[in-house]
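Peer 1: One structure is given below, represented as structure tokens, and several questions about it will come after.
The values are calculated or read from the model by the stated rules, or taken from the named source; none is laboratory data. Because the structure is predicted, anything quoted here is derived from the model rather than measured. Note that we place each Cβ from the backbone using ideal geometry, even for glycine, and neighbour counts take in every protein chain shown.
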Amino acid sequence: MATWLIVLIVIAVVAFLILGFSIKVVKQSTAIVIERLGKFHRVLETGIRFIVPFIDRKAGDAISLKEQVQDFKPQPVITKDNVTMQIDTVVYFQITDPKAYTYGVDRPISAIENLTATTLRNIVGELELDGTLTSRDTINTKMRAVLDEATDPWGIKINRVELKNILPPKDIQQAMEKQMRAERERREAILRAEGEKRSSILVAEGEKEAEVLRAEAKRLALIKEAEGTADAIKLIVEAKPDQAYLTLKGYEALAAVADGESTKLIVPTELANITSLLASMKEAITLPDTTKSTKKEKTKDEK
């Protein structure tokens, strides 16, 4: 009885171990390649999968199906004008066929790195230094197309290729820095000159507008003054002034002229006539006094 119990326990343990080895849990975004007796059998996808223990086995580790990033070390590259520079690249790729990835090439990452280096040398070798520095997008596009086509049999899809750093020799870097500094100084000088020119133009336009406004104001003032004078004359004419008013205005005009700095004084004919009139009036006033004195003398003589 005890022997049968031991046998049952052993059978149960073996069955449990067999069941454990036959169950495989595949995680999300991963795949497992299964070989049966050393030959490719199938690819286990996400979920719980069953295999035949001791007959089926995994061909390596689980394969990630997510997009991966591989940063490769700088590679020496020679341009068309014989300038040696260091360029390092970053490759974004994704495994689309686990079977091809497993059996297509040995050490796929190393293969991609070598393929990237050779492709980069071929593309940059057709460009000069300036073209290499300004054609990153073109180089990236060409490299992605070449790498994607070359890695397709390996079950790998190249999504993007980026040039991370382009490092020219130190002497060329110094020359480029001097050139860039000179270009910035030139642009600064041009901007400063344009600013001064614009400022001068604005100042001149402001002065011009000010002169125009002053002239316009002076013109309006003269017009208003002339209109005022015309209205005053019109009112005087309508009032029909007598000779005394005109004489008084003549004296005022003469006084205004006499107050000036002129050394010559021109007296109008009308004012001369007025002066004669005043002299006659004076004689007429003083004449009775002379008559009275003459009469007094005659009376004395008669006596």
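Peer 1: Counting only residues that are in a strand (DSSP E or B) and β-branched (Val, Ile, Thr), which one in segment 9-38 is farthest from ILE63 (Cα to Cα)?
Peer 2: Top of the filtered list is ILE23.
Peer 1: With the requirement that a residue be closer than 16 Å to THR102 by Cβ and surrounded by fewer than 14 Cβ atoms within 10 Å (Cβ to Cβ), what does segment 6-52 give you?
Peer 2: Matches in segment 6-52: ARG36, GLY38, LYS39, PHE40, GLU45.
Peer 1: Residue by residue through segment 118-142, note down the ones that are at pLDDT 90 or above and among the basic types (Lys, Arg).
Peer 2: ARG121, LYS142
Peer 1: Any residue at all in segment 113-122 that's within 33 Å of the chain's Cα centre (by Cα), in the same structural domain as MET85 (by TED's automatic domain parsing) and of a type in the set (A, V, I, L, M)?
Peer 2: No, segment 113-122 contains no residue that is within 33 Å of the chain's Cα centre (by Cα), in the same structural domain as MET85 (by TED's automatic domain parsing) and of a type in the set (A, V, I, L, M).
Peer 1: Under 9 Å between Cβ atoms, which residue pairs at least 6 apart in sequence (or on different chains) link something in segment 132-144 that is assigned by TED's automatic domain parsing to the domain that holds THR119 with a partner that is basic (Lys, Arg)?
Peer 2: Pairs found: THR132/LYS80; ASN140/ARG160; ARG144/ARG160.
Peer 1: Whether any residue in segment 236-243 is part of a helix (DSSP H, G or I) and surrounded by 10 or more Cβ atoms within 10 Å (Cβ to Cβ) is what I want to check. Show your work before the answer.
Peer 2: Step one: filter segment 236-243 for residues part of a helix (DSSP H, G or I), giving 236-239, 243.
So of that shortlist, the ones also surrounded by 10 or more Cβ atoms within 10 Å (Cβ to Cβ) come out as 236.
Yes, there is a match, as at least one residue in segment 236-243 is part of a helix (DSSP H, G or I) and surrounded by 10 or more Cβ atoms within 10 Å (Cβ to Cβ).
Peer 1: Which ones in segment 47-82 are hydrophobic (A, V, I, L, M, F, W, C) and in contact with a Leu (Cβ under 7 Å, 6 or more places away or on another chain)?
Peer 2: Within segment 47-82, the first condition is being hydrophobic (A, V, I, L, M, F, W, C), and the residues that meet it are 48, 50-52, 54-55, 59, 62-63, 65, 69, 72, 77-78.
Those that are hydrophobic (A, V, I, L, M, F, W, C) and in contact with a Leu (Cβ under 7 Å, 6 or more places away or on another chain): ILE55, VAL77.
Peer 1: Step by step: first the residues of segment 1-31, then only those that are of a type in the set (Ser, Thr, Tyr) and within 20 Å of ILE51 (Cβ to Cβ), then the one that is modelled with the lowest pLDDT. Which residue is that?
Peer 2: SER22
Peer 1: Given the conditions (1) in the same structural domain as VAL105 (by TED's automatic domain parsing); (2) more than 19 Å from ASP137 (Cβ to Cβ); (3) out of contact with any Lys or Arg (no Cβ under 7 Å at 6 or more places or on another chain), report the number of the one that PHE54 does not fulfil.
Peer 2: With (1) in the same structural domain as VAL105 (by TED's automatic domain parsing); (2) more than 19 Å from ASP137 (Cβ to Cβ); (3) out of contact with any Lys or Arg (no Cβ under 7 Å at 6 or more places or on another chain) applied to PHE54, the lone miss is (1).
Peer 1: Filter segment 161-176 for residues that are farther than 25 Å from ASN140 by Cβ and not hydrophobic (A, V, I, L, M, F, W, C); which is surrounded by the most Cβ atoms within 10 Å (Cβ to Cβ)?
Peer 2: GLN174
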